[in-house]
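Trainee: Next up is a structure, given as structure tokens.
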């Protein structure tokens with residue numbers, strides 16, 4: 001049986017991309033459609049690159065084509081994730097955001113939120129439009145790190161829907177659960193409630209056009225992480241760890257989690273925080289308190305990119321406490337370290 005191209009496309013127009021809620025033909029998601037005799041081969045792009053999403057799309061295409069064109073046809077389907085530029089154009093949630101990157105750590109206390117604040121600050125210094133989602137529901141720290149404790153997001157009407165407007169500090173748009181709770185109150189929420197709050201910070205907020213939306217995840221691997229990847233198509237993840245062995249073991253789990261078939265988020269790179277201590281009175285000395293090159297060696301062993309080290313410097317802590325990230329310092333070793341980190345981060349996300 002000779003297959004007609006228009007009939008095949010008509011059948012494929014009944015296949016819906018689940019994240020876009022629109023058919024794969026009208027959204028131009030089909031590449032390399034070839035018809036030879038009774039054989040159909042094609043490549044389809046999907047928003048969510050996770051294995052389970054690709055498998056569901058493959059099954060939906062095969063079922064639809066056989067149902068509408070006959071059981072005797074042969075079908076070869078290759079399903080792949082959209083490139084970053086195309087994904088932002090097709091993304092149903094936050095379509096105007098070019099890159100959504102989560103920053104995670106296997107364990108608490110490694111300085112993940114400090115890295116997020118300075119990474120976002122460094123990107124803003126370079127002229128990028130940047131936002132932060134403080135998804136560390138149980139320990140939100142962005143209000144303190146950007147000196148906006150006590151502020152509240154405003155509201156705006158967007159095409160008939162009420163949306164929240166992020167709080168802005170140093171040109172960076174920030175949304176945090178800390179804006180809705182008293183700083184002295186503990187957030188005692190079960191997983192579903194925390195996941196719902198996280199979802200609303202993405203879907204009920206008017207972010208506008210952004211080059212980067214950085215997501216500060218809670219430590220570990222749990223409900224919040226799974227809810228995030230199910231809600232928002234992440235473009236990548238960064239893992240933060242100190243060089244000590246107990247932290248590296250958990251960082252390794254974080255890398256593995258993002259590589260699972262039901263998640264499949266690419267690792268942008270690994271960052272080593274608190275790499276060494278240099279006292280102010282001995283600026284040439286380096287003391288490797290937590291070990292040496294632990295994250296660098298982990299990245300090499302797992303074939304991931306090492307984005308760089310960040311030393312343990314008193315001014316980083318002081319800058320975070322007063323609400324002005326250290327990356328905004330002028331011509332200091334720590335600001336230069338963060339600037340190098342940002343350059344490598346941009347290079348990796350551009351890949």
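Taken together, the values in this text are just the output of simple stated rules run on the coordinates, not laboratory data. Note that this is a predicted model, so its numbers are computed, not measured. Every residue, glycine as well, gets a Cβ built from its backbone with ideal geometry; the counts of neighbours run over all protein chains shown.
Trainee: Over the chain, what relative contact order in percent results from Cα pairs under 8 Å that are six or more residues apart?
Mentor: This gives 18 percent for the chain.
Trainee: Using only DSSP helix segments of four residues or longer, with each worth -39500 (n - 2.57), what per-residue ellipticity at 222 nm results for the chain after dividing by its residue count and rounding to 500?
Mentor: -10500 deg cm²/dmol
Trainee: Take every Cα-Cα distance within the range 5-82, group them into 10 Å bins from 0 onward, and report for each bin the whole-number percent of pairs it holds.
Mentor: Histogramming the range 5-82 at 10 Å steps yields 19, 60, 21, 1 percent.
Trainee: Taking the Cβ-Cβ separation of residue 156 and residue 315 as r and a Förster radius of 56 Å, what is the calculated FRET efficiency to the nearest 0.05?
Mentor: 0.90
Trainee: Please give the per residue volume of the convex hull enclosing the alpha carbon atoms of the range 235-351, rounded to a whole number of Å³.
Mentor: Roughly 122 Å³ of hull volume per residue.
Trainee: While we're looking at this one, here's another question. To the nearest 10 degrees, how steep is helix 112-125 against the longest Cα principal axis of the chain, on a 0 to 90 scale?
Mentor: 80 degrees
Trainee: Oh, and also: Considering only the range 88-350, what is the antiparallel percent among its DSSP beta bridges, to the nearest 5? Present the calculation step by step, with values, prior to reporting the outcome.
Mentor: Numbers: 9 of 39 bridges.
That works out to approximately 25 percent antiparallel.
Trainee: Would any residue of the range 113-151 have its amide N under 19 Å from a label point 7 Å out along Cα→Cβ of residue 199? List them or say none.
Mentor: 133-138, by backbone N distance to the label point.
Trainee: Next question, about the same structure. What FRET efficiency, computed as 1/(1 + (r/R0)^6) with R0 = 41 Å and r the Cβ-Cβ distance, is obtained for residue 32 and residue 180, rounded to the nearest 0.05?
Mentor: 0.30
Trainee: Based solely on C-alpha atoms, express the radius of gyration and the Dmax of the chain in angstrom.
Mentor: Considering the chain through its Cα atoms, Rg and Dmax are 22.7, 83 Å.
Trainee: Treat each spin label as a single point 7 Å out from the Cα along the C-beta direction, and report the residue 281 to residue 231 distance in nm.
Mentor: 4.9 nm
Trainee: Additional query: Helix 333-350: angle to the longest alpha-carbon principal axis of the chain, degrees 0 to 90, nearest 10?
Mentor: The helix 333-350 is inclined about 0 degrees to the chain.
Trainee: Further question: Among DSSP beta bridges whose residues both lie in the range 1-132, state the antiparallel percentage, nearest 5.
Mentor: 45 percent
Trainee: Mind grabbing the base-10 log of I(q)/I(0) for the range 19-176 at q = 0.13, 0.20 Å⁻¹? Debye formula, identical points on the C-alpha positions, no solvent, two decimal places.
Mentor: Cα-only, vacuum Debye calculation for the range 19-176: -0.79, -1.26.
Trainee: With everything on Cα atoms, drop me the angle between helix 245-258 and the longest principal axis of the chain, reported from 0 to 90° to the nearest 10.
Mentor: 20 degrees
Trainee: Quick check: pseudo-label points 7 Å beyond the Cα along Cα→Cβ at residue 347 and residue 68, how many nm apart are they?
Mentor: Roughly 4.7 nm, to one decimal.
Trainee: Is the C-alpha gyration tensor of the range 276-324 telling us rounded, prolate or oblate? Criteria: a/c under 1.5 is rounded; beyond that, a/b larger than b/c is prolate, otherwise oblate.
Mentor: In terms of gyration-tensor shape, oblate.
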